[in-house]
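Heads up, the thing below is written out as structure tokens.
Laboratory data are not the source of any read-out in this text; all were calculated from the coordinates shown. These figures come from a predicted structure and were not determined experimentally. Positions of Cβ are generated from backbone atoms using ideal geometry, with glycine treated the same way; all protein chains shown enter the neighbour counts.
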Amino acid sequence: MAHSGINVLFEGTNFARLMGGLWTAIWIAGISLVLGLVLGTILGMLRTLKSKIIRFILVLYLEFFRIVPTVVLLFLAYYILPRQFNINWPATWMAVLAFTLWVSAEFSDIVRGALESVPEHQRESGLALGLSQWQLFRYVLLPQAVRLELPATINLATRVIKTTSLLLMISIMDVINVGQQIIEANNQTYPTGVFWVYGLIFILYFIIDYPLSKWAKHLTAKQQY
Amino acid sequence: MAEEILKVEHLNKFYGDWQALHDINFSINKGEVVTLLGPSGSGKSTLIRTLNGLEPFRDGKLYFHGKEIEQDQKNWQELRQKIGMVFQSYDLFPNLTVMDNILLAPVKVQGRDKEEVKKEALELLDRVELRNHADSYPRELSGGQKQRIAIVRALAMHPELMLFDEVTASLDPEMVRGVLQIIKELSDRDHMTMIIVTHEMNFAAKIADRVLFLEGGKILEETPGKQFFEKPQTSRAAEFLNSMEF
Amino acid sequence: MSWTVIQQSLPNFVAGFRLTLWLSLIGIIGAIIVGIIASLVQYFKVPVLSRIFDIYVEVARNTPLLIQLFFLYYAFPVIGWKMPAETCGIIGLIFLGGAYMAEGFTGGFNGVSKTQLDGGRALGMSNLQLARYVVFPQGFALSMPALAANIIFLIKETSIFSVIAIPELTNTALDLIGMYYQSNEYLFVLVIAYAIILIPLILILNWLERRVRYGTFGD
């Protein structure tokens, strides 16, 4: 073979371009996670309130995101916002919006579950000390809930990272989109390039997600002992 | 003339259709120790919990220093700063160190100076012989140690009345004495006003100025401590005392 | 929003709907079979095989389905394995789903209490009998919530098949948008179509979960 396919990765700026695409995916995942966790915490808190109406609305919100596949969420943001509401953000921000809302819905359920599993006597002894509802939440329930919800949160993060693979569907220059361009551009010189480019991307995702899911598993095992 | 701290008048409590407390009436004066005794399910714990606003009740009145207690969240939150409570379950906050457990309410709720409360907390920890555990987390402590800390945490609020709800019931036998010792000392040395639910009859006999004997959610008798253990007024109380091992 | 547009697109969507259901069904059944085999092998720590399945589960769970599909559809033909898009989709879904199912079943099997195992051993049961009469039935009931979540998850993942041009629901909508630009209408029908599949399924699975739990543990 005149050209070993693996060299396609190092031809010109190819490798740097792939890393650039990966970075795009990572920061979209990062920002969406941060925003989604903040919003999700608030929604999760609200779901432990007594008001039936608030709880009902928030359950509908959660179920919507449970039913609609993430690809479709991306398309909804990508097509509906500009045409219907005249919002012409770059596609990356559309993706951040779709991911943030999705993360917040999933996370609200995690927060609710964690808050509800803090034992009742913790709440009572906080009240007996004269803590207000807010103080009880801030100093007693939330810190304990955070510990309980950490494994599920890490797992959610791994899902968000994997889901960034869909960004190419709304024309974002993520690592896969860059990969496709490199494959097409080098099809003549490196016919087996496709194998190496997708192989590298496959490995990149694994390298990011594997340690995270191992960590989540480790935490879960520790909490159960 | 003794100063009245808390008074309960015609208190009735229901769980659905089932009446848990029937027309409860009693009061407690400053420096007095009242012990609630009775078989399990007699309503002792329910009663003591209503005295801290943890159980709503259907009718009746509570007075604190002669003033009627309004039954709303805000009001109870104020009042709980003056009524300390320790529970059966270890209720320290696992996410905070011993010191932070003690500081939380005095600093955040009462807005007192942190350093000053800290100094006081260390003195209290000295009293319960746990000063060197100030920076430990609850999970590093034994059950008895946790309960001693829970008492310190309540005392740091400067309560006028302390409620103890079966605080030794989940402890290993060898831990019980240390906790009871502290409660006894609170009475002897500080003349703390206390309402105590307990199954430890020897302890109750030593500490109680007055005993309320409950059964089926009713107060069957109210007798001075010494007299109750020597010569209870009702046959039900006599049977109860006979059934308990001393 | 125009109802005529929606009406005219319905035959396309019905075809996409059928394909989504069909591919999901095969994918889920395959994933459950792979999952059960993998989790039993892992539970009983079968030498070599259990190590291989460990690696498989980690690789499949920690990489996106989309890149798995690209590999099957675009990269494999280079080394001479050319498969139709539908086949790639099903293989990808089983590859991914099998790992998720294995995790779920393993969780359930590990949840069977040690006293149950000791009880079985005390009766003189062999490992195989333990698996058949104790671990599997109880573990299966315990893994029902995970199984239900995975089924929903896999059906939603079929939407990713659209990237390799399988004309399932999402691909149908994208094609129509590409041709007629009526994105509101087509996306609306698309969301409704997923709701028609998933809402009844979620309700059925919840009901089933309770029944299996009750049937096995009585609470």
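Things worth noting here:
- FRET efficiency for the C:D118 to A:Y61 pair, using the beta carbon distance and R₀ = 41 Å, is estimated at 0.35.
- Pairs of Cα atoms farther than 23 Å apart, segment A:5-224, %: 57
- Rounded if a/c under 1.5, otherwise prolate or oblate - segment C:3-217, Cα gyration tensor axes: oblate
- Segment A:1-53: trypsin sites (Lys or Arg not before Pro) falling in loop per DSSP and having at most 14 other Cβ within 10 Å: A:K50
- DSSP bridge orientation in the protein assembly as shown - percent antiparallel, rounded to nearest 5: 55
- Taking label points 7 Å from Cα along the Cα-to-Cβ direction, C:N127 and B:E68 give a separation of 7.5 nm.
- The trypsin sites (Lys or Arg not before Pro) of segment C:1-91 meeting both criteria, a DSSP state outside H, G, I, E and B (loop) and at most 14 other C-beta atoms within 10 angstrom of the site's C-beta, are C:K45, C:K82.
- Volume per residue of the C-alpha convex hull in the protein assembly as shown, rounded to whole Å³: 228
- Lys/Arg +1, Asp/Glu -1 at C-beta; chain A dipole; positive extreme among A:F99, A:N7, A:V59: A:V59
- Across all C-alpha atoms in segment C:56-106, the radius of gyration and Dmax reach 11.6, 36 Å.
- Loop-located chymotrypsin sites (Phe, Trp or Tyr not before Pro) in segment C:111-219 whose Cβ has at most 16 other Cβ within 10 Å (DSSP): C:Y181
- For segment A:5-224, the tally of Lys pairs with Cα-Cα distances below 27 Å comes to 4, considering only residues 8 or more apart or on different chains.
- Cα centroid separation - segment C:1-63 against segment A:124-170, whole Å: 30
- Modelled spin labels at B:E239 and B:S142, positioned 7 Å past Cα toward Cβ, are 3.8 nm from each other.
- Taking A:W196, A:W27 and counting other C-beta atoms within 10 Å, the order from fewest to most: A:W27, A:W196
- The alpha carbon gyration tensor of segment B:117-246 gives principal lengths a ≥ b ≥ c with a/c of 1.5 or higher and a/b greater than b/c, which makes the shape prolate.
- Estimated FRET transfer efficiency (A:A221, B:N12; beta-carbon r; R0 51 Å; 0.05): 0.55
- Most mobile listed residue (B:Y90, B:Y15, B:Y63) in chain B, GNM with C-alpha springs under 10 Å: B:Y15
- Two-site label geometry, C:I152 and C:M179: point separation in nm, points 7 Å out along Cα→Cβ: 3.3
- Enclosed volume per residue, in Å³, of the convex hull spanned by Cα atoms of segment A:32-100: 94
- Once you reduce segment B:1-78 and segment A:16-86 to the center of their Cα atoms, the two points are 49 Å from each other.
- Listing C:L169, C:L65 from fewest to most neighbouring C-beta atoms within 10 Å gives C:L65, C:L169.
- Among C:S24, C:S113, the order by Cβ neighbours within 10 angstrom, fewest to most, reads C:S113, C:S24.
- Cα gyration tensor, segment B:201-246 - rounded (a/c under 1.5), prolate or oblate: oblate
- Net charge dipole size for chain C [Lys, Arg +1 and Asp, Glu -1 on Cβ; Debye, nearest 20]: 600
- Longest DSSP-loop-exposure-free segment, GluC sites (Glu not before Pro), chain B, at most 14 other Cβ within 10 Å: B:130-244
- Considering only C:D175, C:D54, C:D118, the Gaussian network model of chain C with Cα springs below 10 Å gives its largest mean-square fluctuation to C:D118.
- Simple rule: put +1 on each Lys or Arg Cβ and -1 on each Asp or Glu Cβ in segment C:3-217, find the dipole, and look at C:F70, C:A99, C:G120; the Cα lying farthest toward the positive end is C:G120.
- If R0 is taken as 30 Å, the Cβ-Cβ distance between B:E115 and B:H191 corresponds to a FRET efficiency of 0.60.
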